Amino acid sequence: MSKVRVGFVGAGGIANVHLQHISKNELAEVTAICDIHEETVLQKVKEYGGAAYKNVDEMLEKEPLDALFISVPPFAHGEIEEKAAKKGIHLMVEKPLGLDYQTVAKKAEVINQSGIINGVGYCLRHWETVAKAKEYLKDKKPAMIRGYYLSSFVPTPWYIEWEKSGGQLVEQSTHIVDLARYLGGEIEQVYANMSLQVHRDVPNINIPDVTSLNFVYDSGALGHIDSTFAQFDHRMGIELFGEDFRVVIDGGSLTILEKGAAALNFKSELDVYGVQDRLFIEAIIKSDQNLILSSYEDGLKTLAVTLAANESYETGLPVKMADFGKLAIK
C-alpha cells in the first residue's frame, strides 16, 4: 500500500506538532510544506522532508497530495480549503476555522459536496477522560455546565488584534466551548461580557483579556465559561452537574462523583494530537469519516458559538444561535 502523501500549509506553531506525528507515521509521508516565511519552510523541509513552497496555489498545482494540514492564523485562510477540496484532497484544519460565519459556512458546503475526509483540530475530544465522561453522560441529563480556560499572555502580534484573531474565546478558549458542546449538547443562546483589564499598556492590543460567557442549551440546561490570558500559568477544564452526579475534567484528569458512591478518578496519558493525526490518516485509508471526532461541519458549530458571543459583547444583548445563523447566511 502506498503511503498517504501529506502537505502542510503553515509551518509554525501547532504545525510543528502535526509534522512530528505525520513524519513518524508509517502509513504517511510529508511530501510538501508551504509557509510565507522562506526561512521557516526551508528549515522544516530540511527536518521533515518534502518540497518547499511559499505559495499555496503553486503547491496545490504541482504536488499530487492526498491530504493537507492547514495551520494558519484565523484571518489567513483565504480559499485554501475550497481549492484543496475541489481537488479531492482530504483536510485537517486547525481551529479556529475563520472569523466570518458566512465564509466558513460556504467552505463547509464545498467540503461536504466534495466527499473528502475532513476534520478540525479539536484535539481535546481525544482525551481518554473526555471519552469516559461522554460514555458516562450518555444516559444522564446535565443541568449546569461550568468551564474555564485560564492562561497567560500570547506575544504573537496578530493575536492581540480583534480583526485578526477574533479574541481569546474564538482563538483559544474555543477548546472549552467545544467540550461544552461535545459533552453537554447544542447551545441555544449566548450572552457575553468582556473587558481589557490587565494588558491595557500593550501596544496595539484591542482584544479583551477577561471574558465571562453565559449560555443556554436547547435542553434548558445552563452553562458558563470563564476565559482569560491575564494569568501566569495555564489551567483549563469543565464540570457538568446533574441530579446526584458531578463530572469534573480538570486538565487531563477526570473525577466522576455520585451521591452515596465512592469517587471514580481517571487520568489521560494519551498524546491527543498524536491520536487525532493517526486517526485522520486511518480515516483516509479506510474512507471512514466516522473515525473523525470533529468534522469541519461540527467545527463550524463551535465557531458559531464563539462568534455569537463576540456579537453579544459588541451589542450588549443575548444572541439566539438560530437567529445568528440566519443573519450570517443572508
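Couple of notes before you dig in:
- Here Phe280, Phe324 are screened, and the one residue that is part of a helix (DSSP H, G or I), of a type outside the set (D, E, K, R) and either under 28 Å from Leu68 (Cβ atoms) or open to solvent by 30 Å² or more (accessible area, probe 1.4 Å) (or both) is Phe280.
- Residue within segment 224-238 that is of a type outside the set (Asp, Glu) and either more than 29 Å from Arg200 (Cα to Cα) or without any contact (Cβ under 8 Å) to a residue 40 or more places away in the chain (or both) present: no
- Test: Val72 is of a type outside the set (Ser, Thr, Tyr) and touching a Gly at 6+ places or on another chain (Cβ under 6 Å): yes
- When Gly13 is tested against the conditions (1) modelled with pLDDT under 95; (2) under 26 Å from Val110 (Cβ atoms); (3) open to solvent by 70 Å² or more (accessible area, probe 1.4 Å), the lone failure is (3).
- For Gln43, the criteria (1) at pLDDT 95 or above; (2) part of a loop (DSSP other than H, G, I, E, B); (3) open to solvent by 60 Å² or more (accessible area, probe 1.4 Å) hold in every case but one, which is (2).
- Scanning segment 20-40 for residues that are touching a residue at least 40 places away in the same chain (Cβ under 8 Å) and part of a helix (DSSP H, G or I) returns His21, Ile22.
- Leu264 at pLDDT below 95, in contact with a helix residue (DSSP H, G or I) (Cβ under 9 Å, 6 or more places away or on another chain), open to solvent by 50 Å² or more (accessible area, probe 1.4 Å) and not acidic (Asp, Glu): no
- Taking segment 235-261 as the range and being open to solvent by less than 90 Å² (accessible area, probe 1.4 Å) and either closer than 17 Å to Leu150 by Cβ or of a type in the set (Phe, Trp, Tyr) (or both) as the test, the residues that pass are Met236, Gly237, Ile238, Glu239, Phe241, Phe245, Val248, Ile249, Asp250, Gly251, Gly252, Ser253.
- The lone exception for Val6 - which of (1) of a type in the set (A, V, I, L, M); (2) under 18 Å from the mean Cα position of the chain (by Cα); (3) not in a loop (DSSP other than H, G, I, E, B) it fails: (2)
- Residues in segment 142-184 that are under 19 Å from Ser71 (Cβ atoms) and in contact with a Leu (Cβ under 6 Å, 6 or more places away or on another chain): Gly166, His175.
- Residue within segment 175-190 that is assigned to a loop (DSSP other than H, G, I, E, B), open to solvent by 60 Å² or more (accessible area, probe 1.4 Å) and not polar (S, T, N, Q) present: yes
- Looking across segment 93-124 at every residue that is among the basic types (Lys, Arg) and open to solvent by 10 Å² or more (accessible area, probe 1.4 Å), the one that is nearest to Leu240 (Cα to Cα) is identified as Lys95.
- Every residue from segment 253-286 that is among the small types (Gly, Ala, Ser) and out of contact with any strand residue (DSSP E or B) (no Cβ under 6 Å at 6 or more places or on another chain): Gly260, Ala261, Ala262, Ser268, Gly274, Ala283
- Where a residue in segment 107-121 is over 12 Å from His90 (Cα atoms) and its partner, wherever it lies, is of a type in the set (Lys, Arg) and at pLDDT 95 or above, with Cβ under 8 Å and at least six apart: Val110/Lys86; Gly121/Lys95
- Residue match in segment 72-83 (condition: at pLDDT 95 or above, of a type in the set (A, V, I, L, M) and in contact with a Ser or Thr (Cβ under 6 Å, 6 or more places away or on another chain)): no
The values are calculated or read from the model by the stated rules, or taken from the named source; none is laboratory data. Just so it is clear, the model here is predicted, and its values are computed rather than measured. Every residue, glycine as well, gets a Cβ built from its backbone with ideal geometry; the counts of neighbours run over all protein chains shown. When the accessible area is computed, the model is the full protein with side chains, heavy atoms only, and any ligands, DNA or RNA have been set aside. Shrake-Rupley method; radii C 1.70, N 1.55, O 1.52, S 1.80 Å.
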